[in-house]
1. Looking at (1) closer than 16 Å to residue 56 by Cβ; (2) over 15 Å from the mean Cα position of the chain (by Cα), which is the one condition that is false for residue 206?
2. Say we look at the range 138-169 and pick out the residues that are touching a strand residue (DSSP E or B) at 6+ places or on another chain (Cβ under 7 Å) and part of a loop (DSSP other than H, G, I, E, B); which of these is nearest to residue 50 (Cα to Cα)?
3. Could you count how many residues in the range 184-207 are at pLDDT 95 or above, more than 15 Å from residue 52 (Cα to Cα) and part of a loop (DSSP other than H, G, I, E, B)?
4. Is the range 170-183 home to any residue that is crowded, with 21+ Cβ neighbours inside 10 Å, in contact with a strand residue (DSSP E or B) (Cβ under 9 Å, 6 or more places away or on another chain), outside any loop (DSSP other than H, G, I, E, B) and in contact (Cβ under 8 Å) with a residue 12 or more places away in the chain?
5. Among the residues of the range 123-151, what is the count of those that are surrounded by 15 or more Cβ atoms within 10 Å (Cβ to Cβ), free of Cβ contacts under 8 Å to residues at least 40 places away in the same chain and more than 19 Å from residue 29 (Cα to Cα)?
6. Here is a check on your reading of the model: is residue 94 surrounded by fewer than 18 Cβ atoms within 10 Å (Cβ to Cβ), within 25 Å of residue 31 (Cβ to Cβ) and more than 16 Å from the chain's Cα centre (by Cα)?
């Protein structure tokens with residue numbers, strides 16, 4: 001009887017851990033063809049503030065994954081502005097994959113987080129309705145903990161997209177990897193690009 005109970009407990013733990021892993025890293029993306037275009041969309045973190053243009057994460061990712069990565073970062077932009085801008089950019093670039101890194105300026109300005117989350121959902125929906133795959137990067141809240149708000153994970157789970165939520169908190173907590181308290185330096189952007197490339201590989205988008 002004890003052995004049976006232990007077996008049930010083991011199965012429950014295994015299922016729980018599998019579900020956690022699936023939620024965090026098991027979401028798959030379509031395989032990207034060699035000529036596929038990736039759109040990196042966001043604010044200054046995408047633009048590459050704090051480093052040279054060739055050192056931004058989209059520029060480094062371009063070399064790591066062998067796909068053309070378009071940098072569509074606008075410093076200072078909030079999610080409402082990003083939502084307004086995104087349709088034009090999608091129509092112009094026609095990407096196969098959208099990498100969405102947005103919300104940092106909403107957090108810095110203490111704007112309504114529910115509205116920021118709704119704007120992110122709307123941006124993801126705009127891409128998905130066009131048949132564009134989406135990967136999201138979670139941005140940490142300013143402060144000592146540097147942890148992303150929970151809405152990033154909630155959105156990723158709800159909309160079934162991969163999320164990179166550890167890279168930016170790790171980078172921005174290391175003084176050798178940042179140019180100021182909210183932006184990476186060249187080494188930090190390279191670390192971010194490497195984390196995204198690894199997630200693209202795990203998700204099946206690239207080899």
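1. Going through the list (1) closer than 16 Å to residue 56 by Cβ; (2) over 15 Å from the mean Cα position of the chain (by Cα), residue 206 breaks only (1).
2. 139
3. Matching residues across the range 184-207 total 4.
4. yes
5. Looking only at that region, the number is 5.
6. On the way: surrounded by fewer than 18 Cβ atoms within 10 Å (Cβ to Cβ): yes; within 25 Å of residue 31 (Cβ to Cβ): yes; more than 16 Å from the chain's Cα centre (by Cα): yes.
Judged against the criteria, residue 94 is a match.
The values are calculated or read from the model by the stated rules, or taken from the named source; none is laboratory data. Please read all numbers here as calculations on a predicted model, not as lab measurements. All Cβ positions, glycine included, derive from the backbone under ideal geometry; neighbour counts span all protein chains shown.
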